[in-house]
Amino acid sequence: MSAARPRRSVLYMPGSNARALEKGRTLDADGLILDLEDAVSPAQKAEARTQVVAALTEGGYGHREILLRVNGLETAWGEDDLRAAATAGAHGVLLPKVESAETVLRAQQVLEGAGAPADLELWCMMETPRGILRAEAIADSSPKLRGFVMGTSDLAKDLHAAHTAMRLPMLVGLGTCLLAARAAGLAILDGVYLDLNDEDGFRASCVQGAELGFDGKTLIHPKQLAAANEVFAPSEDAVTFSRRVIEAHAAAEAEGKGVVLVDGKLVENLHVEAAHRLVALADAIAAR
């Protein structure tokens, strides 16, 4: 996984909505989740699968990272979804409601049996209490696993928890998955914000997610793109300071010094590593 790949904004697109699949080619999103699961009624599952595969075959999604969310293996559509996803051309397959490492390995087996390319990634929705409790095992389940996506709406439902401004009921689950993802070197995306009329609340949720350490936010409407892209991008001041940290530390090392001060702040190797990551992300965003 490239740590520098921008994932600030990842928008769900209903696989049954041909107009949405077309519009996704023009939106300022870092990624799209083409959804065959929650956003599609049972009567439309097969048609949506065919439609999503056709859209991916046609292409035209440019820089956008494309994940295809399939139905669970325990459903009537799961295996057919995986077989279709194997060669559809998405960057990754997003598995819903993952609760064990075995689920990941079963999905991987079906994909490989259907001729999936070696670089097809697996992603996991983390959205149930049991899944959260097994986050570490899931994160370590397969070398093909590249990221977690938080499903906070389903998690809140199962916890009988409220959706609050500070998301206090969610923090244990969010933190547990963040720890597991980072320990395994995975990307991790924050859950959706449901109130499309509450722009201030949405921005605050993005700020909280960025502060916690998420790579970006999953979205339910294009109107949320701009704020997510802004909040999860490194600020100009942060990039400038990071470049100075990198330069100052390199100069100090050349003189045989292990630490250096930048604007009165002590800079050590850990700060330099963070600075390199931030600058690489800024450069990747600019390259878009």
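The values are calculated or read from the model by the stated rules, or taken from the named source; none is laboratory data. What you are looking at is a predicted structure, and each value in this text was computed from that prediction instead of being measured. Because the Cβ atoms are built from the backbone with ideal geometry, glycine has one as well, and the counts that use them run over all protein chains shown.
The set of residues in the range 123-167 that are part of a loop (DSSP other than H, G, I, E, B) and closer than 21 Å to R7 by Cα comprises E127, P143, K144, G151. Within the range 73-89, is there a residue that is on the phi > 0 side of the Ramachandran plot and either surrounded by fewer than 19 Cβ atoms within 10 Å (Cβ to Cβ) or modelled with pLDDT under 95 (or both)? Yes; the residues of the range 73-89 include at least one that is on the phi > 0 side of the Ramachandran plot and either surrounded by fewer than 19 Cβ atoms within 10 Å (Cβ to Cβ) or modelled with pLDDT under 95 (or both).
Among the residues of the range 168-203, those that are of a type in the set (A, V, I, L, M, F, W, C), assigned to a helix (DSSP H, G or I) and more than 17 Å from A156 (Cβ to Cβ) comprise L178, L179, A180, A181, A183. When the residues of the range 218-249 are filtered to those that are surrounded by fewer than 17 Cβ atoms within 10 Å (Cβ to Cβ) and of a type in the set (S, T, N, Q), the one that is farthest from R167 (Cα to Cα) is T240.
Look through the range 23-43, keep the residues that are out of contact with any strand residue (DSSP E or B) (no Cβ under 9 Å at 6 or more places or on another chain) and part of a helix (DSSP H, G or I), and return whichever of them is surrounded by the fewest Cβ atoms within 10 Å (Cβ to Cβ). Result: A43.
Per the listing V262, V267, the residue uniquely outside the structural domain of F202 (by TED's automatic domain parsing) and buried (at least 19 other Cβ atoms within 10 Å of the Cβ) is V267.
Candidates are the residues of the range 187-217 that are touching an Asp or Glu at 6+ places or on another chain (Cβ under 7 Å) and either under 16 Å from R5 (Cα atoms) or touching a residue at least 60 places away in the same chain (Cβ under 8 Å) (or both); the one that is surrounded by the fewest Cβ atoms within 10 Å (Cβ to Cβ) is A187. Does at least one position in the range 56-63 carry a residue that is crowded, with 20+ Cβ neighbours inside 10 Å, closer than 25 Å to L174 by Cα and of a type in the set (F, W, Y)? The answer is no, given that none of the residues of the range 56-63 is crowded, with 20+ Cβ neighbours inside 10 Å, closer than 25 Å to L174 by Cα and of a type in the set (F, W, Y). Entry remark, the range 35-51: residues being out of contact with any helix residue (DSSP H, G or I) (no Cβ under 8 Å at 6 or more places or on another chain), aliphatic (A, V, I, L, M), closer than 21 Å to L219 by Cα and at pLDDT 95 or above number 1 in total.
Can you say whether A210 is within 17 Å of R8 (Cα to Cα) and part of a loop (DSSP other than H, G, I, E, B), as far as the supplied structure shows? Spelling it out, it is not the case that A210 is within 17 Å of R8 (Cα to Cα) and part of a loop (DSSP other than H, G, I, E, B). Only one entry of A275, A287 meets the criterion of being over 18 Å from the mean Cα position of the chain (by Cα), of a type in the set (A, V, I, L, M, F, W, C) and modelled with pLDDT under 95, and that entry is A287. State yes or no: is A76 assigned to a loop (DSSP other than H, G, I, E, B), in the same structural domain as D30 (by TED's automatic domain parsing) and more than 27 Å from A4 (Cα to Cα)? Here the answer is yes, as A76 does meet what is asked. Scanning the range 56-93 for residues being without any contact (Cβ under 8 Å) to a residue 12 or more places away in the chain and under 18 Å from the mean Cα position of the chain (by Cα) gives a total of 0. For the range 6-31, filtering for residues that are among the charged types (D, E, K, R) and closer than 22 Å to A48 by Cα leaves 4.
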